[in-house]
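Student: Here it is, the structure, as structure tokens.
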Amino acid sequence: MINETKLIEAMQEGIVLLTYMCLVTNVEKQREVTIAKKFTNNFELPRIIVDNKVICYDVEFRKWHDIKIDTIIKWKKLT
């Protein structure tokens, strides 16, 4: 089980490499994600966790994702 608070803090500070299981394909995926305003055009979410999902910005594809918290395997702070 991951520590949601530490994950959110890391994403607020910079980019995080998130490893999770895709619910559609059941394949492990890795994405570089953040919620730091400097990477999201100064857009700030009113809520980060909604319905047991973490809302985060995919740095490479420049789009928002919602990832179910219980599918997150691990994460690592990159920046």
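Student: Quick one: which of T34, T19, T5, T40 is closer than 18 Å to K74 by Cα, among the hydroxyl-bearing types (S, T, Y) and at pLDDT below 95? Please lay out each step first, then the result.
Tutor: Numbers: T34 fails: at pLDDT below 95; T19 fails: at pLDDT below 95; T40 fails: closer than 18 Å to K74 by Cα.
The conditions single out T5.
Student: Exactly one condition in (1) under 17 Å from N3 (Cβ atoms); (2) touching a residue at least 24 places away in the same chain (Cβ under 8 Å); (3) under 10 Å from the mean Cα position of the chain (by Cα) is not met by K53; state its number.
Tutor: With respect to (1) under 17 Å from N3 (Cβ atoms); (2) touching a residue at least 24 places away in the same chain (Cβ under 8 Å); (3) under 10 Å from the mean Cα position of the chain (by Cα), K53 is out only on (2).
Student: If the requirement is being β-branched (V, I, T) and in contact (Cβ under 8 Å) with a residue 12 or more places away in the chain, which of these qualifies: T40, T5?
Tutor: Unique residue meeting the criteria: T40.
The values are calculated or read from the model by the stated rules, or taken from the named source; none is laboratory data. All of these numbers come straight from a predicted model, not from anything done at the bench. For neighbour counting, all protein chains shown are included, and Cβ atoms are generated from backbone atoms with ideal geometry for every residue, glycine included.
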